[in-house]
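Visitor: Right, I'll just put the structure down here and ask away after.
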Amino acid sequence: MTLTGGGEVFYEAAALLAAFVLLGHWFEMRARGGANDAIRALLELAPEQALVVRDGEPVAVPTAEVVVGDLLLVRPGAKIAVDGVVEAGESDVDESMVTGESLPVHKAPGSEVIGATVNTNGTLRVRATKVGADTALAQIVALVQEAQNSKAPGQRLADRAAFWLVLVALLGGLGTLLVWLFATGRPAREAILFAITVVVITCPDALGLATPTVIMVGTGLGARRGILFKNATAVESAARIDTVVLDKTGTLTKGEPEVTDVVAAAGVAEDDLLRLAAAVERESEHPLAAAVVRHADARGLPSAPASGFVNVPGHGAVATVDGHRVAVGNLRLMAREGVEAGELGERRDRLAAGGRTAVLVAVDGRAAGVVALADAPRPTAAQAVRALQDAGVQVVMLTGDGAADRRTARHRHRYRRGAPR
């Protein structure tokens, strides 16, 4: 009709048909945007360069060029480029982005380290054991990408139905063309018009649009509420959820330690104890030290200068404050300083049994007090758990923390209404 004239053309119908199908595909790709953002965020965790020791000197090379067997120099505050084993040095490594541990993990020669984790306070020499696609981070990215390519069962069913319906539409159009051409003797122009009409009406364009639209709406609403669906199947199965499993660190808790108890020895003022401990901890980069300093500042205690600061990796720190030798750390540090914990040791054990991290403070060789810390719950955690329980959903807390943190979980959440099992 375009070439010969004399009739209506239906380019707009063909354009709209193609637009509907492409729009469904665009919706599907847009629904995957949250997973793409997650992949980019994961990839950005890995450092762009690594310090590789060659001929005894550290040389900066792209992380992609690190090979198995290379010796890496990891300075304080730097990210570990690849998975490996510590050959020399001691430090605390923040592994929260991979394992969820709220506190840094002490590393010594022989300890395994994970790429993209952060070295906090010491210098490490790490022998690379896994690089490229073999690292833990790369495998996490691969899992997210694999989930992206999944389709919901309903969408797979719609795709199969659309395939057969398109075939039916084409056969119906062909049959219409033949009947109008040879059985009725109508002009070819009219026969083609009727055939195209049958194909356009029968073609399941809405079927190809409906499921991606639902997926887009569901994933979009979830993303705005901080929920990332692992795959399309999860969107469908979400309607049948009867149990929710929550991580503890950073989900139910703030993900950073806070001071919960300050116990002073007889004859020692609590404020004086905290002021001396904070003066030492101001010189340290450990998260526990930062929590003690924050607590002292919140109480309005004046800061005191510390001199002769010595960090003892894995044990604590020692410094001179106001002419007093102050040691802040664990029992091994107290033994190193020749300090007898006495009754404070028993109090420290009770606090530790309750799931807290208990730090001893000694002044001039005598035990002066205990500072207890724990990962504090989020203010909104109990309300969120209660809302789920009121909706008939069972809530379970799953934590991969160490034994002490698991005691914290049981101590804080076991017998409390509005808390997970």
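The values are calculated or read from the model by the stated rules, or taken from the named source; none is laboratory data. Keep in mind the model is a prediction, meaning the values are calculated, not measured. FYI the Cβ positions are ideal-geometry reconstructions off the backbone, even for glycines, and counts take in every protein chain you see. Surface areas here come from the heavy atoms of the whole protein model, side chains and all, with no ligands, DNA or RNA. Shrake-Rupley method; radii C 1.70, N 1.55, O 1.52, S 1.80 Å.
Visitor: Expressed as a fraction of 2.2 N^0.38 Å, the rule-of-thumb size for a compact globular protein of N residues, what is the C-alpha radius of gyration of region 173-212?
Guide: 1.48
Visitor: Now, a different point. Counting alpha carbon pairs within less than 8 Å and at least 6 residues apart, what relative contact order, in whole percent, applies to region 213-324?
Guide: Reported as a whole number, the value is 17 percent.
Visitor: At a threshold of 8 angstrom on Cα-Cα distance, excluding pairs fewer than six apart, so keeping six or more, what relative contact order does the chain reach in percent?
Guide: About 14 percent, as a whole number.
Visitor: Please give the helix 381-390 orientation as an angle from the longest Cα principal axis of the chain, in degrees from 0 to 90, rounded to the nearest 10.
Guide: For helix 381-390, the angle is close to 50 degrees.
Visitor: How big is the dipole moment of the chain about its Cα centre under a simple scheme where the beta carbon of each Lys and Arg is +1, that of each Asp and Glu is -1, and everything else is neutral? Debye, nearest 20, please.
Guide: Roughly 1340 debye for the chain.
Visitor: Expressed as a rounded percentage, what relative contact order does region 278-402 have, with Cα pairs under 8 Å and six or more residues apart?
Guide: Relative contact order, region 278-402: 16 percent.
Visitor: Three principal axis extents, largest first, for the C-alpha atoms of region 71-138, in Å?
Guide: The Cα atoms of region 71-138 stretch 28, 26, 18 Å along the principal axes, largest first.
Visitor: With Kirkwood's inverse mean 1/r over C-alpha pairs for Rh, give me the Rg to Rh ratio of region 153-222, two decimals please.
Guide: 1.23
Visitor: Can I ask one more? Which percent of Cα pairs goes in each bin when the distances of the chain are cut into 10 angstrom slices starting at zero?
Guide: In order of increasing distance, the bins hold 4, 15, 19, 19, 15, 9, 7, 5, 4, 2, 1, 0 percent.
Visitor: Can you give the accessible area of residue 164, probe radius 1.4 Å, in Å² rounded to 10?
Guide: 150
Visitor: Bin all alpha-carbon pair distances of region 294-408 at 10 Å intervals from 0 and give each bin's fraction as a whole percent.
Guide: Each 10 Å bin holds this share of Cα pairs: 12, 32, 29, 15, 9, 3, 0.
Visitor: Translational D (Stokes-Einstein, µm²/s) of region 156-282 at 20 °C and 1.002 mPa s when Rh comes from the Kirkwood sum over C-alpha pairs?
Guide: Translational D for this selection: 99 µm²/s.
Visitor: So who's got an amide H within less than 5 Å of the one on residue 70, skipping anything under 5 residues away but keeping other chains? H placed 1.01 Å off N, in plane.
Guide: Amide H to amide H, under 5 Å and 5 or more residues apart or across chains, residue 70 pairs with 128.
Visitor: Here's something else I'd like to know. Lys and Arg at +1, Asp and Glu at -1: add these up for the other residues within a Cβ distance under 11 Å of residue 124 and post the number.
Guide: +1
Visitor: Angle between the Cα long axis of helix 11-31 and the longest principal axis of the chain, 0 to 90 degrees, nearest 10?
Guide: Taking Cα atoms only, the helix is inclined about 20 degrees.
Visitor: Something else: Name the residues whose placed amide hydrogens come within less than 5 Å of the amide hydrogen of residue 49, ignoring near sequence neighbours (fewer than 5 apart) on the same chain.
Guide: 63
Visitor: On to the next question. Give a residue-ordered list of calculated ³J(HN,Hα) values for region 366-372 (Karplus: 6.51 cos²θ - 1.76 cosθ + 1.60, θ = phi - 60°; whole Hz; x for Gly, Pro).
Guide: Each residue of region 366-372 in turn: 10, 5, 10, x, 10, 10, 9 Hz.
Visitor: With the alpha-carbon atoms as the only input, what is the per residue convex hull volume for region 244-283 in Å³?
Guide: 87
Visitor: Could I ask something else about it? Per residue Cα convex hull volume for region 51-185, in cubic angstrom?
Guide: About 167 Å³ per residue, rounded to a whole number.
Visitor: Let me ask something else about it. Which of 196, 114, 80 moves the most in a Gaussian network model of the chain with Cα springs under 10 Å?
Guide: Comparing 196, 114, 80 in a Gaussian network model of the chain, the most mobile one is 196.
Visitor: Stretch residue 140-residue 190 to full length: gain in nm at 0.36 nm per residue minus the Cα-Cα span?
Guide: Net length gain for the segment: 12.1 nm.
Visitor: For the chain, compute the number of Lys pairs whose alpha carbons are separated by less than 18 Å, excluding pairs fewer than 8 positions apart on the same chain.
Guide: Total qualifying Lys-Lys pairs in the chain comes to 4.
Visitor: Excluding residue 293 itself, what net charge comes from residues whose Cβ is under 15 Å from its Cβ, given Lys and Arg +1 and Asp and Glu -1?
Guide: Overall, the nearby charge balance is -3.
Visitor: log10 I(q)/I(0), Debye, Cα-only region 315-360, no solvent, q = 0.14, 0.25 Å⁻¹?
Guide: Cα-only, vacuum Debye calculation for region 315-360: -0.35, -0.91.
Visitor: A further question follows. Roughly how many Å is it from the Cα centre of region 66-121 to that of region 316-343, as a whole number?
Guide: 27
Visitor: On full extension of the chain, what length is gained from residue 197 through residue 87, given 0.36 nm per residue of separation minus the C-alpha to C-alpha distance?
Guide: 32.1 nm
Visitor: Tell me what the chain gives for mean residue ellipticity at 222 nm when only DSSP H runs of n ≥ 4 count, each as -39,500 (n - 2.57), the sum divided by the residue total, rounded to 500 deg cm²/dmol.
Guide: -13500 deg cm²/dmol
Visitor: Still on this structure, I have one more. What size of dipole, in debye to the nearest 20, comes out for region 46-87 about its Cα centre when the only charges are +1 on Lys and Arg C-beta atoms and -1 on Asp and Glu C-beta atoms?
Guide: Here the size comes out at about 160 debye.
Visitor: While we're looking at this one, here's another question. Quick one: if you take sqrt(5λ) for each eigenvalue of the C-alpha gyration tensor of region 224-357, what semi-axes come out, biggest first, whole angstrom?
Guide: Semi-axes (√(5λ), whole Å): 40, 17, 14.
Visitor: Bin width 10 Å, origin at 0, all Cα-Cα pairs of region 359-402: what percent of pairs per bin?
Guide: Per 10 Å bin, starting at zero, the Cα-Cα P(r) for region 359-402 comes out as 20, 28, 21, 16, 12, 3 percent.
Visitor: Non-local amide H neighbours of residue 325 (under 5 Å, H modeled in plane, Pro and chain starts lacking H): which ones?
Guide: 364
Visitor: Okay, next question. Give me the number: length gained by fully extending residue 325 to residue 14, i.e. 0.36 nm times residue separation minus the C-alpha to C-alpha distance, one decimal in nm.
Guide: Full-extension gain reported as 103.5 nm.
Visitor: Which of 299, 356, 127 moves the most in a Gaussian network model of the chain with Cα springs under 10 Å?
Guide: With Cα springs under 10 Å in the chain, the top fluctuation among 299, 356, 127 is at 299.
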